[in-house]
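Have a look at the structure below, then the notes.
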Amino acid sequence: MTSACRIFSVAVGILSVISLPSQAALVDIQREGGVAYFTYTAPDKVVRYDMAAEAFLPDIELSGIPRAIAVEKQRLVIGYHDNADTIDLDTLKSSFLTQTDGELREIEIVNGVAYFNLGEKGLLSVGLDPNTAATGALLSAKGSAIIGSDLQSAVFMRATGGSPSDIGKIRVTDAGTVISSIESFYQQELPEATSLFLFPEQDRLIDSSGVLYYTHDLSFAGQISGTADDVVFVDKDLIVLRADQLVRYDSALQEVSSLELEDAPASIGHAANSVFAFYDEADTIRVEKLALSSLADAKTAALKQVPDFEPELVEFDETTGIVYLIDQESQGLYLWSADSESYTAIHTLDTMPTWATFSAAHQRLYLGYDTGSISFVDLRSAHFDEQAFAHLPSAVLGLKAAGDFVFAADRSGSWNRHYSFSDRGRLIDSQDWQDVGHQYVWNPVTERIYHLGSYSDELKWIALSQQTGKFGSSSRTFQYSDAPALPLRLDPAGQALIAGDGRIYDLSSAEVSASVSTPISDAVWMGKTLFTLSVSSEGSSIHSLNADFTPVHRHALAGKASRLFGYAGKLLVLLHSDNGATFVSVEDSASEDATVKTASERTPALYSAGHSLVI
């Protein structure tokens, strides 16, 4: 059983407002089974609200001044100053459970055992069923904000006694005794927090500072852009209450929407397609019902205002299938989702950048400018405001996310200079007497950044250590080309690099190991198959090649194509037409006799139909 901690939820339309009688003090809030429980003093009672029925249930009158409650199945455990009762939620009959011999602060239930937080005395474990072996063990663990996991057979808490306080995990037996205990190893690195919230799968938890931990070992699991007063989970989304705001995050922890409320709720809840905000107003409790669908509708309406465009800069997140497109004319940053086959967000930039690079490690889109300025957009934020990052002495002539670091280049110093920055914009290293290029490729396997020379088309590289962020040696191939050699594309294994003139480099030796006869405007590996894009005055075509680079299939495209992306077993093609940027997905077929089929429109994009081609 997991305590229903305070959680926040998003919506736009207010559908109903319900008032409660005056209450003196709200001391605890829990959620369980679609019901929210509000524990009050003076009068001493528990007020219940059924979110599915959208109605209040009969109040539960208490025999003393309550300190905390916990709910499991059809029973409620109520804690007083130094004793606790159980209440049958069907009959509302109260039964004595235990003396606590200490000032009770919190209650949590794990697999039929109640854990009472007695502050400096530790945790008292008491079995709730007659056949439970737990009889009243006092565990030495001390902390606050306890939360339990049945699947992990564990109690989590913010440990006290350290500076700063850390997060701890206590594995327990069915008898309520300790098996083992651990604390996270980020004690001095991550912010303090006062509350914990467990994901439905119980594989992760998030604290009120916005930091996520894996529950099996308390290792770092990510971080949202801000704090969390309460959290609810809607499908795969995370909805956070932050003062008087509701903020919605997707499964990748990217902030996708926010909503300002009239005041700060005490808690939130979720049922079906609605979110409920519960307001404690001293003498009344107000329940505000919010429709989740209203938020989606508002988002779609805003997207329909996007003009036609042809992007100058394109970046791709191969993990989430999000394509980031930047258009010079509108100075717009457009997000297209391969999962939904539609544009999902649009943001306006203050100035048109000349460089862009997506960082999976930082969840940022870095932007470079002719002024030498480098900024970034936090992709976990709904507002996508640009933030200053670094400034080069002259115009940015190279920008690439390189693992945990950011690579940049300009023409300052002797000839040209390369730079390495941390995620905080701190300059770690720089080297002059380098060359600049029109495109850079980061290879995490060799820990090198590759580019073609500015005065020749020979392949050059410089090493960048992922341990230190320092540059290592640099070199080049001394092999030149008479044909345009951009773009450069890396195979997923980090062993080969293909250039626009068809040369394929074996990166273990930096020698040309093979070549492709057709000019290449773009290329991508999917498994052992290499797909290349050729563009000429006669149109565009896609070629598929096997592992030894022998051509297998060719398919002509209707329109001018510029980019290829591999995602979820499909090849995505970026096409340009009078209707703007259009995406089609191409499904690879192993059959030599496969024919081309154009499917009817699936979920339509705003400016293009989502077509499927089979080659």
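The values are calculated or read from the model by the stated rules, or taken from the named source; none is laboratory data. Remember, predicted model here, so these are calculated numbers, not experimental data. Methodologically, a virtual Cβ is constructed for each residue, glycine included, from the backbone with ideal geometry; neighbour enumeration extends over all protein chains shown. We work out accessible area using only protein heavy atoms, side chains counted, and drop any ligands, DNA or RNA first. Shrake-Rupley method; radii C 1.70, N 1.55, O 1.52, S 1.80 Å.
Just to be sure I understand, how many residues within segment 415-428 are part of a strand (DSSP E or B) and open to solvent by less than 30 Å² (accessible area, probe 1.4 Å)?
Within segment 415-428, the subset part of a strand (DSSP E or B) is 417-421, 427-428.
After this cut, where a residue has to be open to solvent by less than 30 Å² (accessible area, probe 1.4 Å) as well, the list is 418-421, 428.
Qualifying residue count, segment 415-428: 5.
With segment 28-108 as the region, which strands (runs of 3 or more DSSP E) entirely inside it contain at least 1 residues that are among the acidic types (Asp, Glu), crowded, with 21+ Cβ neighbours inside 10 Å and out of contact with any Ser or Thr (no Cβ under 8 Å at 6 or more places or on another chain)?
On the way: elements: 35-41, 45-50, 55-61, 68-72, 75-79, 83-88, 94-99.
The qualifying strands (runs of 3 or more DSSP E) are 68-72.
Looking only at segment 194-209, filter to residues that are in contact with a Lys or Arg (Cβ under 9 Å, 6 or more places away or on another chain) and within 15 Å of Asp237 (Cα to Cα); which one of those is least open to solvent (accessible area, probe 1.4 Å)?
So, considering only residues that are in contact with a Lys or Arg (Cβ under 9 Å, 6 or more places away or on another chain) and within 15 Å of Asp237 (Cα to Cα), the one least open to solvent (accessible area, probe 1.4 Å) is Phe197.
Every residue in segment 443-467 that is assigned to a strand (DSSP E or B) and of a type outside the set (A, V, I, L, M, F, W, C), please. Give the steps one after another, and end with the answer.
Taking segment 443-467 first, the residues assigned to a strand (DSSP E or B) are 443, 448-452, 459-464.
Correct list: Asn443, Arg448, Tyr450, His451, Lys460.
Which residue pairs have Cβ atoms under 7 Å apart, sit 6 or more places apart or on different chains, and have a first residue in segment 152-178 that is among the polar types (S, T, N, Q) and a second that is in a loop (DSSP other than H, G, I, E, B) and modelled with pLDDT of 70 or more?
Gln152/Gln202; Gln152/Thr215; Ser153/Asn111; Thr160/Lys142; Ser165/Glu192
For (1) more than 24 Å from Ser337 (Cα to Cα); (2) surrounded by fewer than 17 Cβ atoms within 10 Å (Cβ to Cβ); (3) out of contact with any Leu (no Cβ under 8 Å at 6 or more places or on another chain), each residue gets a yes or a no:
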| site | (1), (2), (3) |
| --- | --- |
| Tyr366 | no, no, no |
| Phe376 | no, no, no |
| Leu379 | no, no, no |
| Asp385 | no, yes, yes |
| Phe389 | yes, no, yes |
| Lys400 | no, no, yes |
| Phe407 | yes, no, no |
| Gly413 | yes, yes, yes |
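Here is a list: Thr477, Thr468. Which entry is of a type in the set (Val, Ile, Thr) and at pLDDT 95 or above? Walk me through it before giving the result.
Working: Thr477 fails: at pLDDT 95 or above.
Thr468 is the lone residue from the list that is of a type in the set (Val, Ile, Thr) and at pLDDT 95 or above.
Residues of segment 237-255 being in contact (Cβ under 8 Å) with a residue 40 or more places away in the chain and under 15 Å from Ser209 (Cβ atoms), which ones?
Once the filter is applied, which keeps residues that are in contact (Cβ under 8 Å) with a residue 40 or more places away in the chain and under 15 Å from Ser209 (Cβ atoms), segment 237-255 yields Val240, Leu241, Arg242, Val247, Tyr249, Leu253.
For segment 424-448, which positions are among the acidic types (Asp, Glu) and modelled with pLDDT under 95?
First pass over segment 424-448, keeping only residues among the acidic types (Asp, Glu): 429, 432, 435, 447.
Scanning segment 424-448 gives Asp432, Asp435.
Just the residues that are in contact with a Gly (Cβ under 8 Å, 6 or more places away or on another chain), open to solvent by less than 10 Å² (accessible area, probe 1.4 Å) and assigned to a strand (DSSP E or B), please, taken from segment 115-128.
Of everything in segment 115-128, those that are in contact with a Gly (Cβ under 8 Å, 6 or more places away or on another chain), open to solvent by less than 10 Å² (accessible area, probe 1.4 Å) and assigned to a strand (DSSP E or B) turn out to be Tyr115, Phe116, Asn117, Ser125.
Of the numbered conditions (1) of a type in the set (A, V, I, L, M); (2) more than 19 Å from Ala141 (Cβ to Cβ); (3) in a strand (DSSP E or B); (4) open to solvent by less than 30 Å² (accessible area, probe 1.4 Å), Leu253 fails exactly one; give the number of that condition.
In the conditions (1) of a type in the set (A, V, I, L, M); (2) more than 19 Å from Ala141 (Cβ to Cβ); (3) in a strand (DSSP E or B); (4) open to solvent by less than 30 Å² (accessible area, probe 1.4 Å), Leu253 misses (3) alone.
Mind checking whether some residue in segment 268-288 is over 20 Å from Ala36 (Cβ atoms), open to solvent by 50 Å² or more (accessible area, probe 1.4 Å), free of Cβ contacts under 8 Å to residues at least 24 places away in the same chain and out of contact with any Leu (no Cβ under 7 Å at 6 or more places or on another chain)? I'd like the intermediate steps shown before the answer.
As a first pass, look at segment 268-288 and keep what is over 20 Å from Ala36 (Cβ atoms): none.
No, there is no match, as no residue in segment 268-288 is over 20 Å from Ala36 (Cβ atoms), open to solvent by 50 Å² or more (accessible area, probe 1.4 Å), free of Cβ contacts under 8 Å to residues at least 24 places away in the same chain and out of contact with any Leu (no Cβ under 7 Å at 6 or more places or on another chain).
Looking only at strands (runs of 3 or more DSSP E) that lie completely in segment 505-561, which have at least 1 residues being among the acidic types (Asp, Glu) and open to solvent by 20 Å² or more (accessible area, probe 1.4 Å)? Steps first, please.
Working: elements: 511-515, 522-526, 529-536, 539-545, 551-557.
Here the list reads 511-515.
Would you tally the residues in segment 178-203 being closer than 21 Å to Ala141 by Cβ and in contact with a Phe, Trp or Tyr (Cβ under 8 Å, 6 or more places away or on another chain)?
5
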